[in-house]
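Beneath this line is the structure, given in structure tokens, with notes to follow.
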Amino acid sequence: MNLEMATVFEVNVGVHHTKCGVCVYQLVTLETGEECASGDQGEICVRGPQLMLGYLNNAAATAQMIDSEGWLHTGLLQWVAGG
């Protein structure tokens, strides 16, 4: 996944209720994968019951997209607003 070329847009981090269930968003640092602090840039990750379980018959692609905790890594970058 080429994160240098990713689109940057605004998203509200936290828990969001959708018609399909609950979706959780978080921003993680590219260096460590930890949750971003105020003023940092990070990748948008999502988790929820309505997301795909993985790629059919392609475990390697699934492992690149979805981590061991079930977070789907979108490749989209966002800044955390300063507080």
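Nothing in this text is a laboratory measurement; each read-out follows from the coordinates by a stated rule. Please read all numbers here as calculations on a predicted model, not as lab measurements. Here the Cβ is made from the backbone with ideal geometry for all residues, glycine too, and neighbour counts use every protein chain on show.
Computed from backbone phi, the HN-Hα couplings of the stretch 35-41 come to 4, 6, 8, 4, x, 8, 9 Hz, rounded to whole numbers (Karplus: 6.51 cos²θ - 1.76 cosθ + 1.60, θ = phi - 60°; Gly and Pro given as x).
In what sequence, highest mean first, do 41-48, 23-30, 68-75, 57-64 appear when ranked by Cβ atoms within 10 angstrom?
Working: 41-48: 19.2, 23-30: 16.5, 68-75: 14.4, 57-64: 10.8.
By packing density, highest mean first, the sequence is 41-48, 23-30, 68-75, 57-64.
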